[in-house]
Structure formats: structure tokens, C-alpha cells
Amino acid sequence: MNSMIKSAALGFMLVGLVACGKQDEGKGKQEAAPVALEVPTSTSDQDWKLYLSGVVKQHMKGVRSSPYMYYLPSATVEDFEDQYVRQLDNVVGVVMRTVTPGNMLAFGSPESSRMADMVIESFKEAQAGSFKGVKVLLVGKREDEQRVREALAPSEAEFIFVPID
């Protein structure tokens, strides 16, 4: 029995040493520079979704769970307005329930102006300070940045703007 306890203790110590060694492996190494992403020149959903995912990955520092990602297709899609309304309803619901600190809401679309409209409309009823510690990322045109920034300010969300122009 005594030898079993010693073996178990030795096993736990070895696991601890291996774990410590793995933590130290990354020390002293520089983090890889973020890969430069190119804004899609097409309105392809696949291209835009991949681009948005890449941008989100570059801004995940401090985010503790999967981000809430919202995407609108090109306005040339037949049911664009229906998709816009459904997505808006979804985002309004999330904003009304609030999001816990350490999370991210990410928005992107080839239709920058409409996506900015969605963010602004969604945050109209947000309580002051209710998004403190939450990142809100918008991939869009520079002309939309300031109006979204102003709409988010009362919520105290950390606004990240990634220009596409």
C-alpha cells in the first residue's frame, strides 16, 4: 500500500514537472506577427466570412469565450432585407440581455453602411455601462466609424474598428 502511495505521488510530481516545462517552452519566444489580411474584392459570402474570422482572431486577446459574430451578405441577395431584419432582431435581443465581460461581438459585411446601421440600432436601448469589458468589433468603411463609436460610447464597450477602405 505504501509503495502505491509513493508511486502515485511520484506520478503527480512528474505530471506537474511536464506541465511546468510546457509552460516554460513559450517563454522567451516572440509572438508571431499577425498575418496581413486582404479585404475581399468580391461580395462572396465565403470570402467575407473567412476575412471576418481572420480579423476576429487577431483581436481575441482578453476574450474568454467564442465571439458572437454577425454577418450580412451583399445587398444584391434577393432576401437581403429579410436577412437584415432577422439579424437585427437577433442582435437587439443579445444587447438587451447584455453580454458578460470578456466576450466579443463582431460585425462585418460587404454592406458597411447597413452593418453600421444595425450596430447603432441594436445599442439604442443598451443600459449605460452594460458592456464594460466587452469588445465590439466592426469591420467597415471609415465613414461609418464615428457614428458607431458614438452609439456604443454609453455602453462602455471597447470599440475596435477595422477599416476596409
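The values are calculated or read from the model by the stated rules, or taken from the named source; none is laboratory data. Note that this is a predicted model, so its numbers are computed, not measured. Counting neighbours? That spans all protein chains shown, and the Cβs are built from the backbone with ideal geometry, glycine included.
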| said: Looking at the stretch 33-66 only, could you name the residues that are in a loop (DSSP other than H, G, I, E, B), surrounded by 13 or more Cβ atoms within 10 Å (Cβ to Cβ), touching a residue at least 60 places away in the same chain (Cβ under 8 Å) and not aliphatic (A, V, I, L, M)? | reply: PRO40, THR43, HIS59
| message | On the basis of being in contact (Cβ under 8 Å) with a residue 12 or more places away in the chain, within 14 Å of the chain's Cα centre (by Cα) and surrounded by 16 or more Cβ atoms within 10 Å (Cβ to Cβ), does GLY108 make the cut? | response | yes
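Filter the stretch 68-91 down to the residues that are among the β-branched types (Val, Ile, Thr), assigned to a helix (DSSP H, G or I) and exposed (fewer than 15 other Cβ atoms within 10 Å of the Cβ) and list them by number. Show your work before the answer.
Here is the first cut: in the stretch 68-91, the residues among the β-branched types (Val, Ile, Thr) are 76-77, 85, 91.
Checking the rest, the ones that are also assigned to a helix (DSSP H, G or I) come to 85, 91.
Correct list: VAL85 only.
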| task | Inspect the stretch 112-125 for any residue being out of contact with any Gly (no Cβ under 8 Å at 6 or more places or on another chain), assigned to a loop (DSSP other than H, G, I, E, B) and surrounded by fewer than 12 Cβ atoms within 10 Å (Cβ to Cβ) and give the result as yes or no. | result | yes
| Taking interchain pairs and intrachain pairs at least six residues apart, which have beta carbon atoms under 6 angstrom, with the first residue in the stretch 74-102 and of a type in the set (Ser, Thr, Tyr) and the second modelled with pLDDT of 95 or more? | SER74/PRO110; THR98/SER130
| message | Looking at the stretch 96-111 only, could you name the residues that are of a type in the set (A, V, I, L, M) and in a loop (DSSP other than H, G, I, E, B)? | response | VAL99
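Take SER74 and tell me if it is within 16 Å of ALA106 (Cβ to Cβ) and not hydrophobic (A, V, I, L, M, F, W, C).
Against the criterion (within 16 Å of ALA106 (Cβ to Cβ) and not hydrophobic (A, V, I, L, M, F, W, C)), SER74 does not qualify.
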| remark: When GLY129 is run through (1) more than 18 Å from ASP45 (Cβ to Cβ); (2) in contact with a Phe, Trp or Tyr (Cβ under 8 Å, 6 or more places away or on another chain), the failure sits at (2)
